[in-house]
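Reviewing the structure listed below.
The values are calculated or read from the model by the stated rules, or taken from the named source; none is laboratory data. This is a predicted model, so every value here is computed, not measured. Here the Cβ positions follow ideal geometry from the backbone for every residue, glycine too, while neighbour counts run over all protein chains shown. Calculation scope for accessible area: heavy atoms of the full protein, side chains included, ligands and nucleic acids excluded. Shrake-Rupley method; radii C 1.70, N 1.55, O 1.52, S 1.80 Å.
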Amino acid sequence: MHLDPLAIITAFGLIFLAELPDKTMFASLAMGTRMRPLYVWFGTSSAFIVHVAIAVGAGSLLGLLPDWIVKLVSASLFAFGAFLLLRGSGGDDNDEAEVKTVTGFWPVYSTAFMAVFISEWGDLTQITTANLAASNGTWSTAIGSAAALMSVSALALLAGKFIAKRVPLKTVQRIGGICMLGLAIWTAVEIFTG
């Protein structure tokens with residue numbers, strides 16, 4: 001098992017920025033206002049870990065392909081991610097569903113787990129994690145991605161209202177989109193220079 005600190009930091013940064021404006025952050029915030037935040041965090045974190053494992057597994061399979069194909073797929077996925085972030089989130093900000101008051105560890109845990117587990121399938125962060133695992137290594141990507149997702153959930157539970165009032169989510173989306181666009185261009189250049 002080889003851990004690359006730069007790959008961990010890259011995965012953390014990209015996934016953190018991509019997840020901030022995501023509906024999952026708002027779901028965590030909403031659940032945290034009606035349920036015990038620590039229980040919500042355990043549930044969302046468990047769901048994120050399962051999704052990261054699935055994503056890095058898919059990325060590892062991509063890594064078996066010839067290098068230029070992996071880079072072409074990676075560049076395309078980064079460009080797609082940049083497009084999604086730069087065009088805006090549309091109506092995602094208003095998708096807060098009503099959450100019933102739930103008490104007790106297991107009911108809160110399972111509610112939070114299922115909310116995130118179902119909503120994250122095919123999400124930008126899952127695709128980005130698979131993409132990073134194909135090119136930056138499985139364990140480093142898994143650690144960075146899981147830490148980023150769990151951090152966003154914790155941030156939403158602890159300081160979500162403060163962030164929503166102080167930092168426009170469009171700004172966060174633009175920063176994440178520009179980073180992904182830069183990685184798309186970099187990866188595309190590597191196809192021809194590497």
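Summary of values
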{"item": "Cβ pairs under 9 Å, 6+ apart, first in region 13-27 and in contact (Cβ under 8 Å) with a residue 24 or more places away in the chain, second among the basic types (Lys, Arg) and in a helix (DSSP H, G or I)", "result": "Pro21/Lys170"}
{"item": "Flag if Ile54 is open to solvent by 60 Å² or more (accessible area, probe 1.4 Å) and at pLDDT 90 or above", "result": "yes"}
{"item": "Qualifying residues in region 10-26 (those that are open to solvent by 10 Å² or more (accessible area, probe 1.4 Å) and either at pLDDT 80 or above or among the β-branched types (Val, Ile, Thr) (or both)) - the one nearest to Thr111 (Cα to Cα)", "result": "Leu20"}
{"item": "Subset of region 27-45 [open to solvent by 30 Å² or more (accessible area, probe 1.4 Å) and either part of a helix (DSSP H, G or I) or under 15 Å from Gly144 (Cα atoms) (or both)]", "result": "Ala27, Leu29, Thr33, Arg34, Pro37, Leu38, Tyr39, Trp41, Phe42"}
{"item": "Condition check for Ala184: surrounded by 14 or more Cβ atoms within 10 Å (Cβ to Cβ) and either modelled with pLDDT of 85 or more or under 15 Å from Asp22 (Cα atoms) (or both)", "result": "no"}
{"item": "Breaking point among (1) among the hydrophobic types (A, V, I, L, M, F, W, C); (2) at pLDDT 85 or above; (3) open to solvent by less than 60 Å² (accessible area, probe 1.4 Å), for Trp106", "result": "(3)"}
{"item": "Qualifying residue in region 60-74 (condition: in contact with a Ser or Thr (Cβ under 6 Å, 6 or more places away or on another chain), of a type in the set (Asp, Glu), part of a helix (DSSP H, G or I) and on the phi < 0 side of the Ramachandran plot)", "result": "no"}
{"item": "Filtered residues of region 130-146 (kept if within 19 Å of Ala47 (Cα to Cα), open to solvent by less than 40 Å² (accessible area, probe 1.4 Å) and of a type in the set (A, V, I, L, M, F, W, C))", "result": "Ala130, Ala133, Ala142, Ala146"}
{"item": "The listed residue being among the hydroxyl-bearing types (Ser, Thr, Tyr), farther than 16 Å from Leu157 by Cα and modelled with pLDDT of 80 or more, out of Ser89, Ser76, Ser45, Ser60", "result": "Ser76"}
